[in-house]
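Read-outs throughout are calculated quantities, based only on the coordinates presented, and are distinct from any laboratory measurement. Source: prediction; values computed, not measured. Note that each Cβ is placed from the backbone with ideal geometry, even for glycine, and that neighbours are counted across all protein chains shown.
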């Protein structure tokens, strides 16, 4: 690992030379906001970065769920911000990534040449945390490919499944051929559902802008609550902190161009809302809601079909249904994509 200058110590202001790294510990929300512009620039620089690594997602998560101690590390070289490890110390002593619990794919954000293994190996000494846990790693994650950090003992394995639909290669903007992406049975189902909805009234699709996204998000909250109340269950959006997180994150994601929030209308009624995200390579279906009174018209099917078609139009290669093995995901042709967890502790420290 190149020489590390710890900002705030005696040598923290020493001139940086090519190959040097400086690690800044960010311990406050104001500190996260201060590094945000550089974080956004680094996100644009890393080709495989996901929306869940963007500061619009991670900072909103800490603002909504803040507990424990913030221990985010910004790694700089002579070119500027080279990596950010958005971490916090949980009350049980574990070091975990921001976003844990409501995020299906997690990772650090780093330039491909940043030496992650020695940085992770230094975390116990830097933070005082003897247990480090990186859950929800995809096969594309930098932390999944990271070599074993020296001086640490590792355990882990699979920790979930995110069914994923592979999309056909299509020129950007070209009208998608859903028969090349979906099982024949689902193509027929989508066609029949559309015809049934059209008999009930004109069918429309809305795409949220930064200005309209907050109102469409509130509509999603209402649809989601009505559907789950019929089951006698609260649903994932019943927690005020979860709603606060999305109210914070969604406008910022929209301004960054990462939000794909769609509404489906039948006649003059909002029938469904699809809350999705995307990056340069993939689309992600995060959450959806539909009007229970219109369930016979299949508005949820129409919303997903529209989102898949839009992802193909944008030239994306995958449509991620994210965590869970719900049967409807496989009806769309999704295939299991396992997620992995990596846990570390210093040599000689007993497991928890």
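Listed peptides 275-281, 304-310, 36-42, 100-106 appear in the order 304-310, 275-281, 100-106, 36-42 once ranked by packing, highest mean of other Cβ atoms within 10 Å at the front. Computed over the chain, the P(r) curve from all C-alpha pair distances, binned at 10 Å from the origin, holds 5, 23, 32, 22, 12, 5, 1, 0 percent per bin.
The helix-only estimate of mean residue ellipticity at 222 nm for the chain, built from DSSP H runs of length n ≥ 4 each weighted as -39500 (n - 2.57), is -10500 deg cm²/dmol after division by the residue total. If I fit a long axis through the Cα atoms of helix 116-127 and take the longest principal axis of the Cα atoms of the chain, what angle between them do I get, 0 to 90°, rounded to 10? The two axes meet at around 70 degrees. Against the main long axis of the alpha-carbon atoms of the chain, helix 299-313 sits at an angle near 60°. The equivalent ellipsoid that matches the C-alpha gyration tensor of segment 194-343 spans semi-axes of 23, 19, 18 angstrom, in descending order.
Relative to the longest principal axis of the Cα atoms of the chain, the long axis of helix 213-230 makes an angle of roughly 70 degrees.
Is the C-alpha gyration tensor of segment 33-166 telling us rounded, prolate or oblate? Criteria: a/c under 1.5 is rounded; beyond that, a/b larger than b/c is prolate, otherwise oblate. Rounded. Placing dummy labels 7 Å off each Cα toward the beta-carbon, the span from residue 328 to residue 255 is 3.2 nm. Each peptide in 211-222, 57-68, 323-334 gets a packing score, the mean of other Cβ atoms within 10 Å over its residues, and the list from highest to lowest is 57-68, 211-222, 323-334.
Take the Cβ atoms of residue 34 and residue 229, set R0 to 51 Å, and the FRET efficiency comes out at 0.75. Extension gain for residue 206-residue 218 works out to 2.9 nm (0.36 nm per residue, less the C-alpha to C-alpha distance).
In plain terms, the bigger the Kirkwood radius, the slower the diffusion; for segment 222-275, with that radius from Cα pairs, at 10 °C and 1.306 mPa s, Stokes-Einstein puts D at 125 µm²/s.
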